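A.B. asks: Structure provided below as C-alpha cells; questions to follow.
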Amino acid sequence: MDSVVRAIVVYGLVWALFRVSGKRTLSEATTFDFVLLLIIAETTQQALLGEDYSITNAFLLVTTLIGIDVALSLVKRRFPRFDKVMDGQPIIIVENGRPLEDRMRQARVDEADILEAARRLQGLERMEQIKYAVLEQSGGISIVPRSRS
C-alpha cells in the first residue's frame, strides 16, 4: 500500500511541476528536454520504489500510474471544468496579425516560435499574414491564415 501512496504523490507532484512549467515544455522536445526527462524519470524512480525493487512492486507501481491516468481521463471527460484545470485551454496569442504580448509572455512564447509554426504549417512568412495563432492544450501552435482576397 505504501507504494501506491508514493505513486499517487509522485504523479501529483510531477503533474504540478509540468503544469506550472507551461504548455510549451512538452510541445516540441529538444535534446535538452529529452535529457531532462530522463533525469526526472531516474530521480522519481527512487521515490517510487523506495527499498522494494521486486517485480511485483514495479508491476504495482506501473498499474497504479496507468490507473491514475485512466481515472483522470474519465473524470476530465465527465467534468469539462476539471479538464481545463488539469490541461488548460487553448489561448489565442496572435489576433489579426497582432501579437498579444501579455498572453505570449505568460505562455513563454515569442514571435520566432509563432513564425516558425506559420512557416511550417501554412507557408506564411510574416505576422501580418496570420489571422489567429493559437497555443493549443498540447503546447503546439495552430495557425489560421488571413484570407488571401
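A.B. asks: What number goes with the only condition from (1) at pLDDT below 85; (2) within 14 Å of Ile8 (Cα to Cα) that Thr64 does not pass?
C.D. replies: (1)
A.B. asks: Sticking with this structure for a sec: So Ser138 fits all but one of (1) small (Gly, Ala, Ser); (2) touching a helix residue (DSSP H, G or I) at 6+ places or on another chain (Cβ under 7 Å); (3) farther than 26 Å from Asp33 by Cβ; what number is the exception?
C.D. replies: Checking Ser138 against (1) small (Gly, Ala, Ser); (2) touching a helix residue (DSSP H, G or I) at 6+ places or on another chain (Cβ under 7 Å); (3) farther than 26 Å from Asp33 by Cβ, the one that fails is (3).
A.B. asks: Within the stretch 67-80, is there a residue that is assigned by TED's automatic domain parsing to the domain that holds Val14, touching a Ser or Thr at 6+ places or on another chain (Cβ under 8 Å) and under 17 Å from Val14 (Cα atoms)?
C.D. replies: In the first step, residues of the stretch 67-80 are kept if they are assigned by TED's automatic domain parsing to the domain that holds Val14; the result is 67-80.
Filter again for touching a Ser or Thr at 6+ places or on another chain (Cβ under 8 Å), leaving none.
Checked against the condition, which is being assigned by TED's automatic domain parsing to the domain that holds Val14, touching a Ser or Thr at 6+ places or on another chain (Cβ under 8 Å) and under 17 Å from Val14 (Cα atoms), the stretch 67-80 yields no hits at all.
A.B. asks: Please pick out the residue among Ile66, Ile93 that is within 19 Å of the chain's Cα centre (by Cα) and within 16 Å of Ser3 (Cα to Cα). Walk me through how you get there before you give the answer.
C.D. replies: On the way: Ile93 fails: within 16 Å of Ser3 (Cα to Cα).
Only one candidate qualifies: Ile66.
The values are calculated or read from the model by the stated rules, or taken from the named source; none is laboratory data. Nothing here was measured: the structure is a model prediction, and the numbers come from that model. As a convention, Cβ positions derive from the backbone with ideal geometry for all residues, glycine included, and neighbour counts pool all protein chains shown.
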